[in-house]
Amino acid sequence: MAIQALEAQRALLPYALIFFGVSLPIYVWAGSFAEDATWMAATFAVFAINWGAFYAVTGWLRRPQAQDPALRARVQILGALLWAGAVAQIAAFADGAGVVREPLLMLSTAAAVAVTFFTAPNLTGLLIVGPIACAGPLWALFSRPQTSDAGVLAFGAVALSMALCLVVNRTLRGQAAMAAEREALIAERAVSLERAQKVARSKSDIVATLSHEIRNGLNGVTHVLAAAAGQGGRAAPSREQLNAALTAANELVAVLNATLDSETAEQGRLMLDSQPFDPVRLTRDLVLLSRPHASAKGVELTLHVDAELENRTSGAVVADVTRVRQVLSNLIGNAVKYTVRGRIEARIERRGDGRIAIEIADTGPGLTPEELEQAFEPFRRIERTGAGVPGAGLGLSLSRHLTDLMGGRLDCRSAPGVGSCFTVDLPFDDGAFCEGIEVGPAISGDPAKRQLRVLVAEDDALNAAMLRAILEQLGHKVVHAQNGRRAVDLAKLADFDLMMLDGRMPGLDGPAAAAAIRALDGPVANTPIIAVIGGDADEARECLDAGVDAVLRKPVTVAGVARAVADAAARGRMDAEAARSVA
């Protein structure tokens, strides 16, 4: 508002110069009747000096240096005070001008009104300069009885001009407020337009990804399944074809997961569940899972752990273990995918200020600085290194976003022909405890290797078949219930070592079924329960509040189910040991 007022006043300054320039001949003509020629010459000199100084101020205000509002306001008020002083000097000269005293004083009053008008846009300048400019002529007019009537007329003119100037100032302030509101609306519209364009680009990228990656993968899987079903009169598919179909299906799941997670993160709806976990155990598991794939390509995959971390008795990374697993899996998977020969090394080391660094270094093709910047952009793939390699171009951008949300940092050093080194920096709490660090007596037996009786409650036939296949592959026995009510009834009739409940089922959903099982009498109420959910944070919280022991997000994997079953079973055994010790 103040800047716009100063700009409006600056726009009037050239007209002020023109006004005083035109007024000068009139004043010279009237002053020629004065008795004191020396004083008149001095008055003209002051007028000329003020005119030159004001011209310099007008030119200075056009320069880029005159952008400080406070400095501009002071300079413009000082410039107006120069003219107010000139008006006072003219009034003093006119007071002793003899027979032309009254006309000159009226002219000086007109000059004071002009000065007041040209300060009207700036309220502060108007209230300061206006009274000062008008004080000299009015005092001179009222100082002698013969000009008091003219003083009354001059005072009325001054009061009217001041009132009009205040009206002009109020009008300009209203227009400035409307202009500011308009600018705010334009800026808001620009932000909304940019957001809409960003959403449109994101949707376009998603459609392009789905149409290319998923269509190709589904076609391959469909052909292999058709051969397995005996369609087309062809022979049954070979093991290589089945492996290719399985790889394509896994790639499809990875593309879908990355696309959905990226969209969720972009919209700010990605929920994190921070808890302490062992980074060494997590990284070692991921390295072991990726080593067969690396070995098949002739690439060595190793893990180096800092001795301080390997032999510690406490301390853990505090972050969302699922998201950290996703980030490290992306980085290790990319290293295996793009490294044709050589080796890949995962390194874990402590850093100062409560941080831990997990590095994934490879001897792959490497990236230039420009390519590295592009690699972290969503849906961008490097043509030089990505030709013939499946993917959506979301892994690195999503990994960096997830790392930032967890209070960490993802950096990379890379050189073409040498390789790349991606570093995940995460917060580390020396006083935290987590699974994988022995803080008490060890529990005998490995629950992951026991054959468990598992009750699966899932209304979707495909999801139920997938869970059954995974659990049976892990060596467990499975009983399937089609809804939560049936699961509660089966829990009353038979003993189960573990229950897996879908979060959303008709009739009785997962949280309600878990609460009903916890309310039963006898040991069945303490049976470990895993909730299998679609990934919604509110759904996970609802299941945990109902009494489930662990949450497994869809789509499930063999490794994820194995870890969840092992953790839930171990927790059940610990509860049993505690109950026996209390008894």
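Observations, loosely collected:
- Between the C-alpha center of the range 135-188 and that of the range 505-530 there is a gap of 80 Å.
- Ranked by the mean number of other Cβ atoms within 10 Å of their residues, highest first, the peptides 148-159, 322-333 come out as 322-333, 148-159.
- Anisotropy class assigned to the range 452-538 is oblate, per the alpha carbon gyration tensor with a/c at or over the 1.5 cut-off and a/b no larger than b/c.
- FRET E, pair THR557, GLU370, Förster distance 56 Å, beta-carbon r, rounded to 0.05: 0.95
- Remark: spin-label model distance ARG173-VAL418 equals 6.5 nm, labels positioned 7 Å along the Cα→Cβ axis.
- Neighbour net charge for GLY484 - beta-carbon separation under 15 angstrom, K R +1, D E -1: -3
- Solvent-accessible heavy-atom area per residue, rounded to whole Å², over the range 71-117 at 1.4 Å: 33
- Model label zone, THR302; criterion: amide N under 12 Å from point 7 Å along Cα-to-beta-carbon; scope the range 308-349: 343-347
- SER192 versus GLU310: modelled label distance in nm, points set 7 Å from Cα along the beta carbon direction: 6.1
- Positive-end residue, the range 76-209 charge dipole about Cα centroid, Cβ charges, pick of PHE118, ALA157, THR147: PHE118
- Packing order of peptides 344-352, 489-497, highest average first: 344-352, 489-497 (average count of other Cβ atoms within 10 Å over each peptide's residues).
- Compared with the alpha-carbon gap, the fully stretched path from ASP495 to VAL152 is longer by 112.6 nm at 0.36 nm per residue.
- Surface accessible to a 1.4 Å probe, per residue, for the residues of the range 459-533, Å²: 46
- Positive-end residue of GLY354, ALA294, PRO276, charge dipole of the range 267-371 with Cβ unit charges: ALA294
The values are calculated or read from the model by the stated rules, or taken from the named source; none is laboratory data. These figures come from a predicted structure and were not determined experimentally. Backbone-built Cβ (ideal geometry, glycine too); neighbour counts: all protein chains shown. For accessibility, only protein heavy atoms count, side chains too; no ligands or nucleic acids. Shrake-Rupley method; radii C 1.70, N 1.55, O 1.52, S 1.80 Å.
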